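Enquirer: Structure incoming, see below.
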Amino acid sequence: MAQDRKIQFSTQVIPKIESGLEEYSGSRYNKLHTSVNKKLGGNGYIDVNATQADDSWTSFRSPQANWIGNLSQWESADNTWDGIVTISSSVVQLTSNSNTMAFCYIKNTGENTVKVTVEYGAGSPTYPIKVKGGASVQFRGNGLNTNKIGVIRDSSDSTIEYVIAKT
Amino acid sequence: MATNDVTLTYKNSCTPQELDSGGTRWFMDSDCGRKLSGNSVLSGEMGNTLNYVATADVKSSTADPEVSVDLQTGFDFFYLKCVSGDDVKLSFDGGSNYLVLLSVGEAFASFVDSSAADIKFLTATADGNSVVEYLTVT
């Protein structure tokens, strides 16, 4: 059991606009968008519970974890042992544990866009967050339970890795 | 025709950390073992109308006068930073549920589904006051 845990996180956004000349397509370049004229972003950290519900709070195991120590989880694991979760046309609930969520991070490790819901289990959940291949999204919860996070593909299958920590 | 297409590069990253058994040093969490990061460039997937608000005062729904910022459905990218004041909470469903929280200095950025995300935000504290900056691309 860990003595304590925390997660540092940061976000960066660079808005650009393409410029160029009418007849010289090779001269086009991106510059900072004139309405913003700077890079945007923020960062913070959050204390999360030292004792998470179980090993499903992350999709992967540490490279330093030993195989013998993981046998019980290895046998019961679905498809998360290598840190990669396949996302198809059926929504994937990241964890069935119902705890107050502190923080969630999801990265699309595949090539096709996936969508995220924060109301898994609702009659008709909406998927407001889209994550392109290679991109990630992260957010702190505000009375949100860990079992409410679900991921589904947009149009074609993909894969994700994730962290979902309780308070 | 000269172009004016909007392009966004964005990155979200986090580092889960764990305190050692002696309670003296923080290490990368042994359940993850590494820093986590993802980034993307958005251009053709979204429109070219960028709206950036450098400073917006936001109050809670119980403040007088009631002030919140309601961004209707229809945009493709959303960025919000809590610049100062009280925590800000964020709704993706038009204000029925505020399930995401930002403290001062923290930011949220994501590609969003233009047909599903009806974003609204206000302070998380009753009678609170916050200053935010936000950006949308439609």
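Just so it is clear, none of the values below were taken in a lab; they were calculated from the coordinates. For clarity, every value in this text was computed on a predicted model and none was experimentally measured. We place every Cβ from the backbone using ideal geometry, glycine too, and count neighbours over all the protein chains shown.
Enquirer: Which ones in region B:72-110 are under 17 Å from residue A:118 (Cα atoms) and of a type in the set (D, E, K, R)?
Expert: Scanning region B:72-110 gives B:89, B:93.
Enquirer: Among the candidates B:76, B:113, B:70, single out the residue that is more than 20 Å from residue A:35 (Cβ to Cβ) and facing chain A (nearest Cβ under 9 Å).
Expert: The unique qualifying residue is B:113.
Enquirer: Return the total of residues in region A:2-46 being under 26 Å from residue A:160 (Cα atoms) and either under 18 Å from the mean Cα position of the chain (by Cα) or free of Cβ contacts under 8 Å to residues at least 12 places away in the same chain (or both).
Expert: Residues that pass the stated criteria total 14.
Enquirer: Go through region A:94-119 and count every residue that is of a type outside the set (Val, Ile, Thr), more than 25 Å from residue A:47 (Cβ to Cβ) and more than 8 Å from chain B (Cβ to nearest Cβ).
Expert: Summing the residues that are of a type outside the set (Val, Ile, Thr), more than 25 Å from residue A:47 (Cβ to Cβ) and more than 8 Å from chain B (Cβ to nearest Cβ) in region A:94-119 gives 3.
Enquirer: Also: For residues that are of a type in the set (S, T, N, Q) and more than 7 Å from chain A (Cβ to nearest Cβ), tally how many sit in region B:1-36.
Expert: Summing the residues that are of a type in the set (S, T, N, Q) and more than 7 Å from chain A (Cβ to nearest Cβ) in region B:1-36 gives 1.
Enquirer: Give region A:116-129 a look and list any residue that's buried (at least 17 other Cβ atoms within 10 Å of the Cβ) and either closer than 17 Å to residue A:85 by Cβ or aliphatic (A, V, I, L, M) (or both), or say none.
Expert: Residues satisfying the conditions are A:116, A:117, A:118, A:120, A:127, A:129.
Enquirer: Quick one: residue B:104 ticks every box in (1) at the interface with chain A (Cβ under 9 Å from one of its Cβ atoms); (2) among the β-branched types (Val, Ile, Thr); (3) touching a Leu at 6+ places or on another chain (Cβ under 9 Å) except a single one, so which number is it?
Expert: Against the list (1) at the interface with chain A (Cβ under 9 Å from one of its Cβ atoms); (2) among the β-branched types (Val, Ile, Thr); (3) touching a Leu at 6+ places or on another chain (Cβ under 9 Å), residue B:104 comes up short only on (3).
Enquirer: Here's another thing I want to ask about it. Mind listing whichever residues of region B:107-132 are touching a Leu at 6+ places or on another chain (Cβ under 7 Å), in contact (Cβ under 8 Å) with a residue 60 or more places away in the chain and in a strand (DSSP E or B)?
Expert: B:111, B:121, B:132
Enquirer: Give region B:85-101 a look and list any residue that's more than 7 Å from chain A (Cβ to nearest Cβ) and assigned to a strand (DSSP E or B), or say none.
Expert: B:85, B:88, B:90, B:91
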